[in-house]
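Visitor: The following block contains the structure, expressed as C-alpha cells.
The values are calculated or read from the model by the stated rules, or taken from the named source; none is laboratory data. Note that this is a predicted model, so its numbers are computed, not measured. Heads up, the Cβs are rebuilt from the backbone with ideal geometry, glycines too, and the neighbour counts pull from every protein chain shown. When the accessible area is computed, the model is the full protein with side chains, heavy atoms only, and any ligands, DNA or RNA have been set aside. Shrake-Rupley method; radii C 1.70, N 1.55, O 1.52, S 1.80 Å.
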Amino acid sequence: MTTHGDSATQADAPTVAARTGSADAGEDRPATTGDSSLPAALAGLRAAIGAARFPLALPSAEPARRAAGSLTDQLDDYLLPRLRRLDAPLLVVVGGSTGAGKSTLVNSLVQARVSAAGVLRPTTRSPVLVCSPADSGWFRQGELLPGLTRTNEPSEDPHTLQLVTAPALPPGLAFLDAPDIDSVVDANRALAGQLLAAADLWLFVTTAARYADAVPWELLRGARARGAVIAMVLDRVPPEAADEIAAHLSEMLAAQDLGAAPLFVLPETWVDGQGLLPDRVTAPLSAWFARLAADADVRAAVVRQTLDGALAALRPAVEGLADAADEQVTAADALDERVRAAYRGAHRTVEQGLKDGRLLRGEVLARWQEFVGTGEFFRTLEARIGRLRDRMVAAVTGRPAPASELREAIESQLVTLLRGVAAEAAENAYTGWKAHPAGAALLEPELAHPAGDLPERAERLVREWQRGVLELVRVEGGDRRFVARTAAYAVNATGLAVMIAVFASTAFIPTGLEVATGAGTTVAAQTVLQAVFGDQAVRTLAAKARADLLERVRALLDDEAARYLARTTEARPAADTAEALRRAGNGVEMARHRSGLADADAARLPGTEGGGS
C-alpha cells in the first residue's frame, strides 16, 4: 500500500510506501542468545573455512574462493563480534548505486557534513561511520569490522574506517556510508558488499533513474536470502512521476518477496548551503529512525532477525563450499588416474614385449644365434675351454666375445623398449591432463617428454637386472656339481640363456611368433639347460628373472609418473576438507537452534508516517 504526504508540500516532502507495523518504546538493555555454544561453533566454522583450499582450476574454484572470502569476512566483521556484543548500537549500512545520493542523505539525517558528497564519481572512497558521541566507544574498539583501520580523518584508503560523531544522532543507532555497489573501482565495489554483509539493517538508496538496475536487485535478493532487515529510499523522484514510480518499485519489491520493506520516496529538490536536504524532505525518514532508536525492543528484534538470517544462510553456503571441495578431490583423483593409466599402459607394453617374442628379433636374435651357433654357449659350459676360447677370440679378432655382444644387444633392446614406452606414457599423460581444465593449468612443456635422465636410468636398470640374473643363477645352482665344476664362465653363459628365456613367453617352448624369430636355436639351448637344471628349474629361473625385470620397470615408470603426481599432491586439498566444512556447518545450525534465535519473531519495524500497514 502506498501513501503520500500532505498535498501542500508534495513537491518537497517524501512519499512513503509499504510500511511495517509499529512497536512500543522500551528501555535499553543487553540482549543475549542464552547459549554460549554458538560463538564456539562459529569459531569452528571459521577455522574450517580458513583451512579450505580450492587450488585446482575448476569452474567452481574461483566462485568457491570468493564465497569462502565472503563468509570469512561476514564471520569476522559481523557474526562473531555481534554475538559477543548483542547490546551494541544498531548499525545501519547505507548502500546503493553510484550517484544515488547516499552521502547527502546521511549528512541530512545527522544534520552535519560528515561524509563527502559531490559530482565526481566515485565520491565515497573509504567508509564513514557516524554515531552518537555516547556510542563512539563501541566502534573504536575495532570488534566490528576488525579488518578496517580506524581513523578520525577522511581517507582515500578503502581499508580505513572514518569514525565521526554527530550530536544530533540519538544513542543506539549508527549510520555507515558505504562505497557504491556498482563502483568502477573494484576495491570500492568489494568493500561495499563486505559492509552490507555487516549491517544490522540495510538502508538501500536508489534513484528514479536507476531503481531497476540489475546490480541493486542482485544484492537485494542476497539480502532477502540472508533474512536481513531492509528499508528502501527512492531518491530524486520527479514529483509528477512519484505515484507511478513508487507503485512500480513496490510491485518489484513484492515480486522479490521484499514487499514488507519500508519504502521512502524523496522528491527532487535543492540542497542548502551546507549540502543538506531540506528538513521537510527528510522528516519522515528521520522520525522513523528516531522511533527505532528509542525502542530497544525493536532494535534488539532487528539485530536478532538479521543475525539469525545470516546464521541460517551459512549452512547452504558452507554446503556449496563442501561440494566445491569434493570436486577438487575428485578432480585430483581423476588427474592422478589419467597419469597412472598412461604408465600402467607402458608397463603392460613391456610385459607384452616379454611375451610375444618381439625382443628376440633383430640384433638380439642375431647375437644369440651367433653365440649358440658358433659353439660359444656349449664351450663356456666347460670352464677351462671357455677361458681359453675367450682369450683366443679377443686376441685374434680384436672384437669382444659373442657373450659380451649378446649381453650388449640385450641391454640395447631393453633400453630402446623402455625409452619408447616412457615417451608414449608421457605423451598420453600430457594429453590426458591437457583435456582437463585442472590438468591443463598444471602442465609444463617438459612433462610431454620423459625426464632428461631417463636413458641413463634405463641403462642402469638393465645392467643391474643382468647382474641380478647372474646372481640368481648362482643362488639357484649353488648346490649343483655343474656350478661348482664350471664356475663363473658357466654362470655367465647360463645367465645369458636365462635372459633370452625371459623374452619368450613359455621359457623356450616356442610359440608362433617365437618360431618366426628363430626358436629352433632356443630349443637347442633349452636341451642343455634342462639337462643341467631340470625342466622346472629352467621355468623357475626365467619366471623369477622376468618378475625381477618387470618390478624394476615398474619402479622406473613410477618415478616418471611421479613428475605428474607431485603436482597434484602439491595442489590437492585435504581429503577431509568437505567433511570438516559440513560438520562445522551442521554444528552452527544446531547451536543456532539451541540459542533460540531461530525461534524469534520477525522484527516489527516502526510504522511509517501517512498511515497504513
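Visitor: Write out, first by first residue and then by second, each pair whose Cβ atoms fall under 9 Å of each other, whose residues are 6+ apart or on separate chains, and whose first residue, in the range 568-595, is in a loop (DSSP other than H, G, I, E, B) while the second is of a type in the set (S, T, N, Q) and open to solvent by less than 30 Å² (accessible area, probe 1.4 Å).
Guide: Close Cβ pairs (under 9 Å, with a partner that is of a type in the set (S, T, N, Q) and open to solvent by less than 30 Å² (accessible area, probe 1.4 Å)) amount to ARG572/GLN328; PRO573/GLN328.
Visitor: Sticking with this structure for a sec: Among the residues that make up the range 288-296, is at least one of them under 22 Å from PHE175 (Cβ atoms) and among the charged types (D, E, K, R)?
Guide: Yes, the range 288-296 contains at least one residue that is under 22 Å from PHE175 (Cβ atoms) and among the charged types (D, E, K, R).
Visitor: Looking only at the range 273-297, filter to residues that are in contact with a Lys or Arg (Cβ under 8 Å, 6 or more places away or on another chain) and over 30 Å from ASP87 (Cα atoms); which one of those is surrounded by the fewest Cβ atoms within 10 Å (Cβ to Cβ)?
Guide: Among those residues, the one meeting the criterion is GLN274.
Visitor: May I pose another question? If a residue must be surrounded by 19 or more Cβ atoms within 10 Å (Cβ to Cβ), at pLDDT 85 or above and either among the small types (Gly, Ala, Ser) or assigned to a loop (DSSP other than H, G, I, E, B) (or both), how many such residues does the range 117-138 contain?
Guide: Qualifying residue count, the range 117-138: 2.
Visitor: Would you confirm whether any residue within the range 100-116 is of a type in the set (D, E, K, R), farther than 26 Å from VAL303 by Cβ and assigned to a loop (DSSP other than H, G, I, E, B)?
Guide: For the range 100-116, residues of a type in the set (D, E, K, R), farther than 26 Å from VAL303 by Cβ and assigned to a loop (DSSP other than H, G, I, E, B): present.
Visitor: In addition: Pick from the range 399-440 the residues that are among the acidic types (Asp, Glu) and either open to solvent by less than 40 Å² (accessible area, probe 1.4 Å) or modelled with pLDDT of 95 or more (or both): which of them is farthest from ARG467 (Cα to Cα)?
Guide: It comes out as GLU427.
Visitor: So which residues in the range 520-574 are open to solvent by less than 30 Å² (accessible area, probe 1.4 Å), at pLDDT 90 or above and within 30 Å of ALA48 (Cα to Cα), if there are any at all?
Guide: TYR564, THR568
Visitor: Taking VAL372 as meeting all but one of (1) among the aliphatic types (A, V, I, L, M); (2) modelled with pLDDT under 95; (3) in contact with a Lys or Arg (Cβ under 6 Å, 6 or more places away or on another chain), write down the number of the exception.
Guide: (3) is the only condition that VAL372 fails.
Visitor: Can you name every residue in the range 144-162 that is open to solvent by less than 30 Å² (accessible area, probe 1.4 Å) and over 19 Å from GLY69 (Cα atoms)?
Guide: Once the filter is applied, which keeps residues that are open to solvent by less than 30 Å² (accessible area, probe 1.4 Å) and over 19 Å from GLY69 (Cα atoms), the range 144-162 yields LEU161, GLN162.
Visitor: Quick one: count up the residues across the range 575-597 that are more than 17 Å from LEU314 (Cβ to Cβ) and buried (at least 19 other Cβ atoms within 10 Å of the Cβ).
Guide: 0
Visitor: Return the residue satisfying two criteria in turn: it lies in the range 164-203 and is among the hydrophobic types (A, V, I, L, M, F, W, C) and over 23 Å from PHE289 (Cβ atoms), and of such residues it is surrounded by the most Cβ atoms within 10 Å (Cβ to Cβ).
Guide: The selected residue is LEU191.
Visitor: Now for a separate question. Out of everything in the range 235-270 that is touching a Pro at 6+ places or on another chain (Cβ under 9 Å) and of a type in the set (A, V, I, L, M, F, W, C), what residue ends up being farthest from LEU219 (Cα to Cα)?
Guide: Step by step, filter the range 235-270, then rank; the result is TRP270.
Visitor: Identify, by number, the condition in (1) modelled with pLDDT of 85 or more; (2) closer than 21 Å to TRP288 by Cβ that VAL114 doesn't meet.
Guide: (1) is the only condition that VAL114 fails.
Visitor: Which ones in the range 220-249 are part of a loop (DSSP other than H, G, I, E, B) and surrounded by fewer than 23 Cβ atoms within 10 Å (Cβ to Cβ)?
Guide: Within the range 220-249, ARG226, GLY227, PRO238 meet the criteria.
Visitor: Shifting gears a bit: I'd like to check something: does the range 250-272 contain any residue that is among the acidic types (Asp, Glu), over 19 Å from LYS102 (Cα atoms) and open to solvent by 20 Å² or more (accessible area, probe 1.4 Å)?
Guide: Yes; the residues of the range 250-272 include at least one that is among the acidic types (Asp, Glu), over 19 Å from LYS102 (Cα atoms) and open to solvent by 20 Å² or more (accessible area, probe 1.4 Å).
Visitor: Of all residues in the range 200-219, how many are among the aromatic types (Phe, Trp, Tyr) and not in a strand (DSSP E or B)?
Guide: Final tally of qualifying residues: 2.
Visitor: Here is a further query. State the number of residues belonging to the range 59-79 that are closer than 26 Å to PRO437 by Cα and either open to solvent by 20 Å² or more (accessible area, probe 1.4 Å) or of a type in the set (Phe, Trp, Tyr) (or both).
Guide: 9
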